[in-house]
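**Student:** Handing you this structure, nothing more for now.
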Amino acid sequence: MSKPLADRVAIVTGASRGIGKGVALRLAADGAKVVLASRKAPALQKVADEIKALGGEALVVPTHVGQPDQIKPLVDQTLAAFGRIDIVVNNAATNPIFGPIMFADLPAVQKIMEVNLYSAFLLSKACLETMQKAKYGKIINMASMAGLHPSPGMGAYSISKAALIMLTKVMAAEWGVFGIRANAVAPGLVKTDFSQVLWNTDDILKAALAKQAVAGLAEPQDIVGAAAWLAGPESDFVTGHVLVVDGGSSI
Ligand SMILES: NC(=O)c1ccc[n+]([C@@H]2O[C@H](COP(=O)([O-])OP(=O)(O)OC[C@H]3O[C@@H](n4cnc5c(N)ncnc54)[C@H](OP(=O)(O)O)[C@@H]3O)[C@@H](O)[C@H]2O)c1
């Protein structure tokens, strides 16, 4: 059987660990050539080596997605290596502050917006021309349940993810005419470095698990299938959708 993403090229941001790494490995296993983008080259190289050991193709492009001048080089290097861009997974995110929004200062909020929101806007826009020419594209934005319900102590992060969900819907509405689909995945709590402060705090972990219908703390692998499905041909008629993957905690 041919692989569902054979001949496709995917950029995955935040691909060095956690959910992004899982998505990158899965897209490669599904046949895509995968461009791995995050800040630290050595960690990305390890993921690339894993992909190559499994017979896949990967390119490492160290990128700080919050810095607009680093977006074009990522796109240019992808096109130089592989000649096309079919799939963009805007997955990298940051949350440097915890606590009530009344104590949040502007530089921290700006940083959250730059990395979590503007990067997805700029990278998707930078891929638009090549996707338009191909009359095909899949944009997958890694949102969060925090973008649908305010997450206590993570107000600015919640705002950035809510805006990312609206960006997804706007791109879906405006770019569908070009053959581009844009969807979001909204995970609940997942065991990664990013959320360690949450799942490492007993009370928070207990409260999170108590809300779920499905038992257990999610691992990155529990999120990967949703992104892979949105990247693949079986979801071609799905756009502007927010796929919640939260073990039922929002029920
Ligand atoms: N874990 C959860 O509970 C949870 C829940 C809902 C949604 N999410 C979302 O899932 C996505 C992935 O998070 P994760 O939990 O997998 O986190 P993670 O394991 O900490 O991974 C974060 C990734 O983002 C990269 N990154 C961070 N800042 C970056 C920047 N400025 N430029 C480029 N890359 C950057 C990191 O690599 P470098 O440090 O090398 O740059 C790393 O590859 C995020 O969008 C997050 O909001 C997570």
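**Student:** Given +1 on the Cβ of Lys and Arg, -1 on the Cβ of Asp and Glu, and no further charges, what dipole in debye does the chain carry about its Cα centre, rounded to the nearest 20?
**Tutor:** Numbers: 23 positive and 20 negative charges, 56 e Å.
Computed charge dipole of the chain: roughly 260 debye.
**Student:** Give me the 1.4 Å probe accessible area per residue for the stretch 28-137, excluding ligands and nucleic acids, in Å². Please list the in-between numbers first.
**Tutor:** Details: 5440 Å² over 110 residues.
Roughly 49 Å² per residue, with all protein chains present.
**Student:** Can you check how the C-alpha radius of gyration of the stretch 62-110 compares to 2.2 N^0.38 Å, as a plain ratio?
**Tutor:** For the stretch 62-110, the normalised Cα radius of gyration comes out at 1.62.
**Student:** Another question, if that's okay. Within the stretch 222-251, whose backbone N sits under 11 Å from a point 7 Å along Cα→Cβ of Val214?
**Tutor:** Taking a point 7 Å out along Cα→Cβ of Val214, the residues of the stretch 222-251 whose backbone N falls under 11 Å are 222-226, 244-249.
**Student:** Which FRET efficiency value, to the nearest 0.05, is calculated for Phe237 and Val197 with the Förster distance at 41 angstrom and r the Cβ-Cβ distance?
**Tutor:** That gives a FRET efficiency of 0.55.
**Student:** Taking 0.36 nm per intervening residue step and subtracting the Cα-Cα distance, what contour gain separates Ala41 from Val170 on full extension?
**Tutor:** Additional length available on full extension: 43.2 nm.
**Student:** Once you charge only the Cβ atoms, +1 for Lys and Arg and -1 for Asp and Glu, what is the size of the charge dipole of the stretch 197-251 about its Cα centre, to the nearest 20 debye?
**Tutor:** On the way: 2 positive and 7 negative charges, 31 e Å.
Dipole size: approximately 140 debye.
**Student:** What net charge is computed for the residues neighbouring Val34, neighbours being all others with C-beta under 12 Å from the C-beta of Val34, Lys and Arg scored +1, Asp and Glu -1? Could you put the intermediate results ahead of the total?
**Tutor:** On the way: positive: Arg8, Lys21, Arg26, Lys33, Lys52; negative: Asp30, Glu50, Glu57, Asp86.
Local net charge: +1.
**Student:** Show me, for the stretch 82-91, the HN-Hα J-couplings you get by feeding each phi into the Karplus relation (A = 6.51, B = -1.76, C = 1.60, θ = phi - 60°), rounded to Hz, glycine and proline as x.
**Tutor:** Couplings: 10, x, 7, 9, 9, 9, 10, 10, 7, 10 Hz.
**Student:** While we're here: Spelling out what I want: for every residue of the stretch 15-32, take phi, set θ = phi - 60°, compute 6.51 cos²θ - 1.76 cosθ + 1.60 (Karplus), and round to whole Hz; glycine and proline get x.
**Tutor:** 8, 7, 7, x, 5, x, 4, x, 5, 4, 5, 5, 5, 5, 5, 7, x, 6
**Student:** Now, a different point. Can you grab the distance from the C-alpha centre of the stretch 141-188 to the C-alpha centre of the stretch 92-129, Å, no decimals?
**Tutor:** Centre-to-centre distance over Cα atoms comes out at 12 Å.
**Student:** Would you mind calculating the gained length between Asp105 and Lys3 on full extension (0.36 nm times residue separation, minus the Cα-Cα distance), in nm to one decimal?
**Tutor:** Result: 32.0 nm gained on full extension.
**Student:** Continuing with this model, one more query. Taking amide H positions as placed in the peptide plane 1.01 Å from N, state which residues far from Ala184 in sequence (5 or more) or on other chains have amide H under 5 Å from it.
**Tutor:** Asn141, His241, Val242, Leu243
**Student:** What whole-number volume per residue, in cubic angstrom, does the convex hull of the C-alpha atoms of the stretch 100-251 give?
**Tutor:** Dividing the Cα hull volume of the stretch 100-251 by its residues yields 118 Å³.
**Student:** Of Val12, Ile204, Cys127, whose Cα points farthest to the positive end of the dipole of the chain (charges on the beta-carbon: +1 Lys, Arg; -1 Asp, Glu; origin at the Cα centre)?
**Tutor:** Cys127
**Student:** Give me P(r) over the stretch 157-247, computed from all C-alpha to C-alpha distances, binned every 10 Å, as integer percentages.
**Tutor:** Binned Cα distances yield the sequence 15, 40, 30, 13, 2.
The values are calculated or read from the model by the stated rules, or taken from the named source; none is laboratory data. Keep in mind it's a predicted model, so treat the numbers as computed, not measured. Quick reminder, even Gly has a Cβ in these numbers, built from the backbone with ideal geometry, and neighbours come from all protein chains shown. Keep in mind that these areas ignore ligands, DNA and RNA; they rest on the heavy atoms of the full protein, side chains included. Shrake-Rupley method; radii C 1.70, N 1.55, O 1.52, S 1.80 Å.
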